[in-house]
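J.: The structure that follows is given in the form of structure tokens.
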Amino acid sequence: VGNLKVGHFKEPFSLDMLTSSNDITFMERGAPTVFKKQRNSGVQFSNSVLKGRATWAIGLFQNADKSGKAFGEGDGYSLTGRVTALPFYDKAANKLLHLGFAYSNRNPPGRTYSVKVKPESHAATAYLNTGNISGVTSRTMFGFEMALVLNSLSFQGEYIQTNVLSSGLQPKFNGYYLEVGYFLTGEHKHYSTKSGIFKRVSPKRNFDPKGEQKGFGAVEVAVRYSSVDLNDKSIFGGVMDDVTFGLNWHLNPATRFSFNYIAANVREKGKSNIFQTRFQVAF
């Protein structure tokens, strides 16, 4: 059947979530990914089929904390699956079209659910908050993803919706993001046909101003628009729109400088402006 994975790892949901935080275009993932917890304890089957033109993954998980400890016996299970396809793929020309769909049926621990959203900056406080929704019997999530790579130019977008089923309210929350990136130095995004995600960028010439080739590394500019809506029924968690501008300088495959500017707008509440930077060395 392909691959069997057992342990504490990411559930198969969302292109942005499954791509390593060391390799995503921006310093932080798009705001809509807040609906999906990153890692849980479970078992997963997955495989790449059609000569790398499609992938599938399905797993059964129990909600756990960051150390992998379950919250409670018999509570907090989820069934999550994802399929991806490459309708168009030309590896030699660095061109591809990626489409994906993910689904998750979740039984939240404690029969409660809440979600908070930050403006794509962990240093900030949560701008949106549904508060605790009680009497929750289950929650379903749908995720649609798309990516287009045309050599140095790339587009990526996702839409995520979560439906909360409870004894009283049955609210629906959703969010989406759209981003575009371009490598000024001619590089391109690297795609993994084994898992349907993007991998690390490799500069054509590593930064080496004194070497024979006088390499400068890879320079990428990008912009992303995202929106999250937590208003439905009698839940007024708020609506936020984010615009993030990014600049990445990859000195080599392991070393990168990142600069992000985030303009967040919480409708009928106010606006904020955030500038953040990161220097990372990731092996």
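J.: Relative contact order for region 173-283: what is it in percent, counting Cα pairs under 8 Å that are at least 6 residues apart?
T.: 22
J.: Suppose each label sits 7 Å from its Cα in the direction of the beta carbon; what would the K91-S234 distance come out to in nanometres?
T.: For the pair K91/S234, the computed spacing is 5.7 nm.
J.: Sticking with this one: Using 7 Å Cα-to-Cβ label points, what is the F142/A282 separation (nm, one decimal)?
T.: If labels sit at F142 and A282, their model points lie 3.1 nm apart.
J.: Also: Under the rule a/c < 1.5 gives rounded, and otherwise a/b versus b/c splits prolate from oblate, where does region 2-81 land using the Cα gyration tensor?
T.: Verdict is oblate for region 2-81.
J.: Which distance in nm do the two modelled labels at F155 and K269 give, with both placed 7 Å along the Cα-to-Cβ direction?
T.: 3.1
J.: Calculate, in nm to one decimal, what N105 and T185 gain on full extension: separation in residues at 0.36 nm each, minus their alpha carbon distance.
T.: Residue separation times 0.36 nm, minus the Cα-Cα distance, leaves 24.5 nm.
J.: What length, rounded to one decimal in nm, is gained on full extension from S114 through to S21, with 0.36 nm per residue of separation minus their alpha-carbon distance?
T.: Extra length available between S114 and S21 comes to 31.1 nm.
J.: Right, something else. If you average the C-alpha positions of region 201-222 and of region 3-63 separately, how far apart do those two centres end up, in angstrom?
T.: 31
J.: Show me the GluC sites (Glu not before Pro) within region 176-283 that DSSP assigns to loop and that have at most 10 other Cβ atoms within 10 Å of their Cβ.
T.: Hits after loop and neighbour filter: E212, E268.
J.: Report in % the part of the accessible area of region 1-74 that belongs to carbon and sulfur, leaving out ligands and nucleic acids; probe 1.4 Å.
T.: Taking all protein chains in place, region 1-74 shows 55 percent carbon and sulfur surface.
J.: Still on this structure, I have one more. Enumerate the calculated ³J(HN,Hα) couplings along region 267-283 in order (Karplus 6.51 cos²θ - 1.76 cosθ + 1.60, θ = phi - 60°), each rounded to whole Hz, writing x wherever the residue is Gly or Pro.
T.: So the J values, rounded to whole Hz, are 4, 6, 10, x, 10, 9, 10, 10, 10, 9, 9, 8, 10, 10, 10, 10, 9.
J.: For a protection proxy built on the mean count of beta-carbon atoms within 10 angstrom, sort 42-50, 168-176 highest first, please.
T.: Highest to lowest by the protection proxy: 168-176, 42-50.
J.: By the gyration tensor of its Cα atoms, with a ≥ b ≥ c the square roots of the eigenvalues, what is the shape of region 2-138: rounded for a/c under 1.5, prolate for a/b over b/c, or oblate?
T.: It is oblate, given that a/c is not under 1.5 and a/b is not larger than b/c.
The values are calculated or read from the model by the stated rules, or taken from the named source; none is laboratory data. These numbers come from a predicted model, not from an experiment. Here Cβ is always computed from backbone atoms with ideal geometry, including for glycine, and neighbour counts include all displayed protein chains. Accessible surface areas use protein heavy atoms only, side chains included; no ligands, DNA or RNA. Shrake-Rupley method; radii C 1.70, N 1.55, O 1.52, S 1.80 Å.
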